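Structure first, then comments.
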Amino acid sequence: MPSFALLYAIDEIIDPALSFRIIGHQWYWTYECGDFFSLSTFTKGHHTNTIPVLRFDSFMVNESDLTFGALRLLKTDMPFIIPQETHLRLLITADDVIHSWAVPSFGVKMDAVPGRVNQVSVFVRNIGRFYGQCSELCGVNHAYMPIEVVVMKPSFFYKLILFYLGR
């Protein structure tokens, strides 16, 4: 019984500024964020319930395509970009088998389980490029699921999002 009280006491309850959904696939990651859009749109006076989402896939860059100085087995074609010093909620799940989203520099290692959404909070203080990998034995290409996270100043982050959205 005392352990339940301790688990309840250490549970973080914060109000995140942004929420991202991370989906593990064989053999890549998908990142989604819907916080930049309104939850509904109006078309010709009719109310429609569409929720557009910023979504992209992140694949490992093949060794033959690496530029000089890029890290082998860690470089991705589309890194996950997040703002510095912002409370973030990462909702992690999988599409096929159990994966594990792990970035040691953040102290984060969360399993991505099909049919279940796990949550972890992140608050990154340093700007830079951070790397991780799937740390679950999820199949033959397990070693080819890198995670590349770019942390930038919030002002640059939101300018990049507005540019991406074409606003």
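The values are calculated or read from the model by the stated rules, or taken from the named source; none is laboratory data. The structure presented is a predicted model; accordingly, all values stated were derived computationally and were not measured. Cβ sites come from the backbone with ideal geometry, for glycine too, and all protein chains shown count toward neighbours.
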Looking at (1) under 20 Å from residue 16 (Cβ atoms); (2) crowded, with 17+ Cβ neighbours inside 10 Å; (3) touching a Pro at 6+ places or on another chain (Cβ under 7 Å), find the lone condition where residue 133 falls short. (1)
Among 152, 78, the single one that is surrounded by 13 or more Cβ atoms within 10 Å (Cβ to Cβ) and within 16 Å of residue 32 (Cα to Cα) is 78
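Looking only at the range 81-101, decide whether some residue is among the acidic types (Asp, Glu), in a loop (DSSP other than H, G, I, E, B), out of contact with any Lys or Arg (no Cβ under 9 Å at 6 or more places or on another chain) and within 14 Å of residue 31 (Cα to Cα).
If we filter the range 81-101 for residues that are among the acidic types (Asp, Glu), which is where we start, we get 85, 95-96.
Cutting the leftovers down to in a loop (DSSP other than H, G, I, E, B) gives us 85, 95-96.
From the residues that got through so far, the ones that are out of contact with any Lys or Arg (no Cβ under 9 Å at 6 or more places or on another chain) too are 95-96.
Those still in the list that are within 14 Å of residue 31 (Cα to Cα) too: 95.
Checked against the condition, which is being among the acidic types (Asp, Glu), in a loop (DSSP other than H, G, I, E, B), out of contact with any Lys or Arg (no Cβ under 9 Å at 6 or more places or on another chain) and within 14 Å of residue 31 (Cα to Cα), the range 81-101 yields at least one hit.
If you scan the range 57-85, which residues turn out to be hydroxyl-bearing (Ser, Thr, Tyr) and without any contact (Cβ under 8 Å) to a residue 12 or more places away in the chain? So that I can check it myself, show each step before the final result.
Going through the range 57-85, the residues hydroxyl-bearing (Ser, Thr, Tyr) turn out to be 58, 64, 67, 76.
Scanning the range 57-85 gives 64, 67.
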Tell me, please, whether a residue that is touching a Leu at 6+ places or on another chain (Cβ under 8 Å), closer than 19 Å to residue 59 by Cα and either without any contact (Cβ under 8 Å) to a residue 40 or more places away in the chain or surrounded by fewer than 19 Cβ atoms within 10 Å (Cβ to Cβ) (or both) can be found in the range 86-107. no
Expected output for the range 2-21 (first residue modelled with pLDDT of 90 or more, partner in a loop (DSSP other than H, G, I, E, B), Cβ below 7 Å, 6+ apart or cross-chain) is 16/87; 17/86; 17/87; 18/35; 18/86; 19/35
Can residue 120 be described as surrounded by 13 or more Cβ atoms within 10 Å (Cβ to Cβ) and closer than 25 Å to residue 70 by Cβ? no
Which condition number in (1) at pLDDT below 75; (2) farther than 28 Å from residue 142 by Cβ; (3) touching an Asp or Glu at 6+ places or on another chain (Cβ under 9 Å) is the one that residue 35 fails? (3)
